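Structure first, commentary second.
The values are calculated or read from the model by the stated rules, or taken from the named source; none is laboratory data. Predicted model, so just to flag it, every value in this text is computed and none were measured. Positions of Cβ are backbone-derived with ideal geometry, glycine not excepted, and every protein chain shown enters the neighbour counts.
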Amino acid sequence: MPSLSQQLTDIMTRAFNSLDLPIEYARVNVSGQIETAQFQCNGAMPCAKVAKKNPRDIAQDIIDVVNQDSVASDVFETLSIGGPGFINITLKDTYIAENFKNLATDTRFGISSVRQGQNVVLDYGGPNIAKSMHVGHLRSSIIGDTLRRMCLYAGYDAIGDVHMGDWGTPMGMILSELDIMGFDDDITMEMLADIYPKASTACKEYEQRMALAREATRKLQNGDEAYTRTWREFIDVSVTGMKKNFDALGVHFDEWKGESDAHPYIEGMIADLKAQNLAVESDGALILHVAREDDKKEIPPLILRKSDGAVLYGTTDMATIIERIKTHNPVKIIYVVDQRQSLHFEQVFRAVRVSGIAPEDEMELIHAGFGTMNGTDGKPFKTRAGGVMRLEDLISMAVEKAQNHLNEADLANDMDEVERTGVAHKVALAAVKFADLQNNRTADYVFDIDRMTSFEGKTGPYLLYQAVRIQSLLKKAGVEGDLVVDTCNILDADRSLALLLGELPEYFDNAMKHYTPHILCDYAFKLAQEFSSFYGNCHILSEKDEAVKSSRLALCQQTHKTLVLVLGLLGIEVPNRM
């Protein structure tokens, strides 16, 4: 079922059509001034410009037609004109109640699932083989996993791909370093994390070492058995460590592929680009021009192969798109990568368009870029010693802070150590994830561990507390299973909560449209605040009127279910108690 605002938009659209007004202006939104009206349509003003009439006259014409609609008498309490031509809308409580009854029996909370059978690939995480995961992987992982969950709920067959950095010169650096060391022991993650920085520094300082690394890379990519065997050990050890970190973070992947999986497609792709006269020589390198005449800024050509024969990330990304088309034939691929890589993806997207690899009418390519995570000093987040914090250390720090805040709030004190630790971990993940996701993904944000783990304010722990609080209330009321809402009484104290519950589809659709989870965060926080106000102003368990009590318990249950759903989409798990 559509949101209340969409239901009203449908009614307005019929009126606009009847008056030959542009229907794109028929949109109804939740009013920003709830004391004036519940909803508002501002379409009369742009229509008045087109018709060269007074917007208030246009608004009155619209209201007159709406009042003649067959459903108007059941829907509208008042339709009035405000200001220069706003149409203010207030609904009948009986209509709000009927909408809530329908919502309470809708297992999808009003959100449609019309994209069945369409594949979407999401590229996020992006850790590198042989390197410890650090805070730099946090945003891509959290945002990407949330977008995957949202796509699944929207009906897509969503495939999350970690897309590891497991190919290229860094692998050659480590292999050549092991040759120099004469290393033949078992490979561990600690050993790899120690060797790579040394190898990288040596290659930067000494050209001879870089030459050895390039030769090792060439041999690996040409299938040298010894190097391939060692390289696979790198991958096995690294993936074990990655899975441990991602499991602790509650982030899921369907595929554990890397850049190497695209390697078999590169030569054929380059041959095809040459045949189309798209791949051309330039100073010994092979490039593909992607600039357009109408560009407002310079878009450099995409380098397919350097003069030394090495391929670059752009080449690998193009080949990966070929591999994904053959494997999944997706309707869209979403890259959750730092927005500072926007030029790179612009080049790659243009390259696969002009070459016919991914025609624009067959596949959508989206770079869902994100800003940086900064410390309280406004600079990129570091350890106190100035280094990059390991991801597992950040999670441990968040769990410790969560335990402290549980103590301060006098929560979870009646639990044994195992249960309490589990709750602290859920609170910590809620804190870290919500702090990240509540910001528009393109914005930088400050990682303040004390603020984000607090049970006060717009935080993940606050939302968990409200959800658990509702569950406790329902338990005290003896509610087991879904309540059957035969009748619903909407009184003054109930109205705002019932209206907001009916708007979830609107928030979800907007979040999906722009790939912006912060819209769902805003909704969850508004819902928690609205429930807190409802709880403070209403008798629920002590209500004498059984019909009113039943309606309010149904509102409580629907609020709890909705909060659990939205938090689940954000990758946040609600504990049974706290």
Next item on the list: Could you tell me which residue of segment 413-447 is nearest to Phe381 (Cα to Cα), considering only residues that are in contact (Cβ under 8 Å) with a residue 12 or more places away in the chain and among the acidic types (Asp, Glu)?
Entry: Asp444
Item checked: Where a residue in segment 46-64 is closer than 15 Å to Glu24 by Cα and its partner, wherever it lies, is part of a helix (DSSP H, G or I) and of a type in the set (Lys, Arg), with Cβ under 8 Å and at least six apart -> none
Next item on the list: Considering each residue of segment 106-138, count those that are small (Gly, Ala, Ser), in contact with a Pro (Cβ under 9 Å, 6 or more places away or on another chain) and on the phi < 0 side of the Ramachandran plot, and give that number.
Entry: 2
Notebook entry, point to check: In segment 313-345, which residue that is more than 20 Å from Lys513 (Cβ to Cβ) and among the hydroxyl-bearing types (Ser, Thr, Tyr) is surrounded by the fewest Cβ atoms within 10 Å (Cβ to Cβ)?
Noted result: Thr327
Margin query: Which count do you get for residues in segment 556-574 that are surrounded by fewer than 21 Cβ atoms within 10 Å (Cβ to Cβ) and among the small types (Gly, Ala, Ser)?
Written below: 1
Check: Out of segment 165-222, which residues are of a type in the set (Asp, Glu) and either farther than 25 Å from Lys257 by Cβ or surrounded by fewer than 18 Cβ atoms within 10 Å (Cβ to Cβ) (or both)?
Finding: Glu177, Asp179, Asp184, Asp185, Asp186, Glu190, Asp194, Glu205, Glu207, Glu215
Item checked: Hits in segment 481-509 - residues which are of a type in the set (Asp, Glu) and farther than 14 Å from Phe109 by Cα -> Asp486, Asp492, Asp494
Checklist line | Members of segment 15-39 that are in contact (Cβ under 8 Å) with a residue 40 or more places away in the chain and in a loop (DSSP other than H, G, I, E, B) | finding: Leu19, Leu21, Ser31, Ile34, Thr36, Ala37, Gln38
Notebook entry, point to check: Which strands (runs of 3 or more DSSP E) sit wholly inside segment 40-158 and have at least 3 residues that are surrounded by fewer than 21 Cβ atoms within 10 Å (Cβ to Cβ) and of a type outside the set (A, V, I, L, M, F, W, C)?
Noted result: 76-82
Note to self: With the structure loaded, tell me whether Pro300 is assigned to a loop (DSSP other than H, G, I, E, B), touching a helix residue (DSSP H, G or I) at 6+ places or on another chain (Cβ under 8 Å), in the same structural domain as Glu362 (by TED's automatic domain parsing) and within 29 Å of Ser141 (Cβ to Cβ) or whether it fails that test.
What the structure shows: no
Notebook entry, point to check: Just one of Ala226, Ala285 is more than 30 Å from Arg390 (Cβ to Cβ) and exposed (fewer than 12 other Cβ atoms within 10 Å of the Cβ); which is it?
Noted result: Ala226
Next item on the list: Within segment 246-259, identify whether any single residue is out of contact with any Lys or Arg (no Cβ under 9 Å at 6 or more places or on another chain) and surrounded by fewer than 14 Cβ atoms within 10 Å (Cβ to Cβ), and answer yes or no.
Entry: yes
Check: Which residues, counting only those in segment 30-39, are of a type outside the set (A, V, I, L, M) and exposed (fewer than 14 other Cβ atoms within 10 Å of the Cβ)?
Finding: Gly32, Gln33, Glu35
Next item on the list: Among the residues of segment 462-505, count how many are surrounded by fewer than 18 Cβ atoms within 10 Å (Cβ to Cβ), aliphatic (A, V, I, L, M) and either free of Cβ contacts under 8 Å to residues at least 40 places away in the same chain or not assigned by TED's automatic domain parsing to the domain that holds Met452 (or both).
Entry: 1
Margin query: With outside the structural domain of Met242 (by TED's automatic domain parsing), in a helix (DSSP H, G or I) and surrounded by fewer than 19 Cβ atoms within 10 Å (Cβ to Cβ) as the only criterion, which of Asn413, Asn407 stands out?
Written below: Asn407
Next item on the list: Tell me, please, whether a residue that is surrounded by 19 or more Cβ atoms within 10 Å (Cβ to Cβ) and farther than 27 Å from Ala412 by Cβ can be found in segment 536-548.
Entry: yes
